[in-house]
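Asker: Would you mind keeping the following structure in view while I ask a few things?
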Amino acid sequence: MRYCFGIDIGGTSIKCGLFTQDGAVVRKWEIPTNREAGGVKIPGELAASISEVMGEEKLTQDQVIGVGMGVPGPVLADGMVLLCPNLGWDHINVRVMMEQMLGVPVRVGNDANVAALGEQWKGGGRGYSDMLMVTLGTGVGGGLILGGKIVCGSNGAAAEIGHIVVNPEETDRCGCGCRGHLEQYASATGIVRMAKKRLASESVATSLHSFNNLTAKDIFDEAKKGDEVACSLVDTLGSYLALALSHVAAVADPVAFVIGGGVSKAGSILIDAIEKHYNDNILPALRGKVFRLAELGNDAGIYGAARMTLEDR
Ligand SMILES: [Zn+2]
């Protein structure tokens with residue numbers, strides 16, 4: 001039996017997993033992310049933690065296929081990590097550094113892309129080698145898998161679907177500075193933004209007025225109870241997301257769309273809202289896609305990172 005490590009580097013903690021080559025978890029653990037001095041100690045501390053686990057599990061270098069890593073920033077195909085503000089990294093080839101310390105092959109990818117690969121391997125995208133994962137959290141992220149491999153693009157920015165324009169008439173700005181991006185409607189903050197605008201501009205009867213600190217979960221919960229305004233907000237989110245996915249389909253034609261992130265905890269009401277609008281304005285050849293909820297939660301990153309080490313095998 002051979003093994004691989006999957007590592008998901010976040011701004012506060014680093015999630016680590018040791019897997020068999022078939023994708024069974026041997027053990028999971030976490031270490032804190034040491035961001036001091038521009039994150040220079042992160043590679044060394046991570047390598048030390050991996051070496052310690054190899055010792056405890058009595059694994060030789062020959063038994064380790066590799067170490068895969070997801071990082072919160074753009075990554076080029078050679079493992080060069082561009083700007084990572086959450087870690088303090090700026091143009092670091094973490095792949096070369098880790099390979100020198102560990103003596104095993106290392107693969108590095110953007111965390112959203114790596115999570116998509118994890119869902120494709122062992123989660124909601126199982127069985128679909130061409131799929132797009134959409135992560136609906138504070139923002140909107142994406143990861144595109146074609147032929148079972150991550151598509152990262154020339155700047156590591158492929159599948160940044162949160163920043164597809166879905167409403168050219170929008171006057172508010174997205175976090176990136178542009179206007180009318182998907183993230184302004186389909187993220188947790190986006191649906192709350194739409195709700196506040198609606199409640200301020202119309203005198204409508206809705207249970208949403210009773211929340212002092214309205215959240216995306218509140219809106220979905222009230223929609224499930226039948227509140228008309230909440231239902232209409234969920235429908236608007238679904239229509240913008242479906243529009244963005246139809247654009248992706250016209251370029252990449254994946255088989256499946258997998259929806260994850262905190263907002264996806266809303267469940268089938270969200271999938272229904274997207275499916276309802278997806279076929280509205282799309283080429284017949286691009287209809288009939290599969291829409292699934294993500295299944296791995298916060299572990300998608302370590303699964304995908306481990307899967308990267310098995311590519312070309
Ligand atoms: Zn944007």
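Throughout, read-outs are computed from the coordinates displayed, never taken from laboratory work. Only a predicted model underlies this, so the values are computations on that prediction, with no experimental measurement involved. No Cβ is skipped: glycine too gets one built from the backbone with ideal geometry, and neighbour counts run over all protein chains shown.
Asker: Taking the chain as a Gaussian network, Cα atoms linked when under 10 Å apart, which of 140, 114, 151 shows the biggest mean-square fluctuation?
Answerer: Fluctuation is largest for 151.
Asker: To continue, here is another question. Taking just the alpha carbons, could you work out the radius of gyration and Dmax for the stretch 73-129, both in angstroms?
Answerer: 13.3, 37
Asker: Would you mind ranking 135, 236, 60, 20 by Cβ crowding within 10 Å, fewest neighbours first?
Answerer: Least to most surrounded, the residues fall as 60, 20, 236, 135.
Asker: What are the trypsin sites (Lys or Arg not before Pro) within the stretch 34-87 that DSSP puts in a loop, where the Cβ has at most 11 other Cβ atoms within 10 Å?
Answerer: Values: sites: 35, 41, 58; in loops: 35, 41, 58.
Filter output for the stretch 34-87: 58.
Asker: With +1 assigned to the C-beta of every Lys and Arg and -1 to the C-beta of every Asp and Glu, and no other charges, what is the dipole magnitude of the stretch 127-295 about the Cα centre in debye, to the nearest 20? Write down the numbers at each step before the final one.
Answerer: Values: 15 positive and 18 negative charges, 45 e Å.
Here the stretch 127-295 has a charge dipole of around 220 debye.
Asker: Based on the mean of other beta carbon atoms within 10 Å per residue, what is the order of 65-77, 175-187, 158-170, most packed first?
Answerer: Working: 65-77: 23.1, 175-187: 21.2, 158-170: 17.9.
The densest-packed peptide leads the list: 65-77, 175-187, 158-170.
Asker: To the nearest 10 degrees, how steeply does helix 228-252 sit against the main Cα axis of the chain, on a 0 to 90 scale?
Answerer: Long axis of 228-252 versus the principal axis of the chain: about 50 degrees.
Asker: Could I ask something else about it? Under 5 Å between amide hydrogens, which residues at least 5 positions from residue 69 or on another chain qualify, with H placed 1.01 Å from N in the peptide plane?
Answerer: 7, 107, 108, 109
Asker: Quick one: order 210, 13, 246 by neighbouring beta-carbon count within 10 Å, fewest to most.
Answerer: Details: 210 9, 13 12, 246 19.
Least crowded to most crowded, the residues run 210, 13, 246.
Asker: Report the relative contact order of the chain, percent, no decimals, based on alpha-carbon pairs under 8 angstrom and at least 6 residues apart. Let's see the in-between values first.
Answerer: Numbers: 672 pairs, mean separation 67.1, N = 313.
That works out to 21 percent.
Asker: If you don't mind, there's one more thing I want to ask. Of 257, 211, 291, which is the most mobile in a GNM of the chain whose springs link Cα atoms less than 10 angstrom apart?
Answerer: Evaluated over the chain, the most mobile residue of the options is 211.
Asker: Still on this model: Using the Karplus equation 6.51 cos²θ - 1.76 cosθ + 1.60 (θ = phi - 60°), what ³J(HN,Hα) coupling, rounded to whole Hz, does each residue of the stretch 98-103 give in order, writing x for Gly and Pro?
Answerer: 5, 5, 5, 6, 9, x
Asker: Mean projection of the alpha-carbon convex hull of the chain over all orientations, in nm²? Let's see the in-between values first.
Answerer: Details: hull surface 68.2 nm².
The orientation-averaged projected area of the Cα hull of the chain comes to 17.0 nm².
Asker: Distance between the C-alpha centers of the stretch 212-264 and the stretch 61-133? Whole Å please.
Answerer: 28
Asker: Report D for the stretch 127-295 in µm² per second (integer): Stokes-Einstein, Kirkwood Rh on Cα pairs, 20 °C, 1.002 mPa s. Write out the running numbers ahead of the final one.
Answerer: Values: Rh = 16.3 Å.
The diffusion coefficient I find is 131 µm²/s.
Asker: Checking the table 122/276; 224/276; 122/149; 265/289; 15/58; 28/122 against a 23 Å threshold on Cα-Cα, which pairs fail? Kindly include the intermediate steps, with their values, before the conclusion.
Answerer: On the way: 122/276 27 Å; 224/276 16 Å; 122/149 14 Å; 265/289 21 Å; 15/58 21 Å; 28/122 16 Å.
Table pairs above 23 Å Cα-Cα are 122/276.
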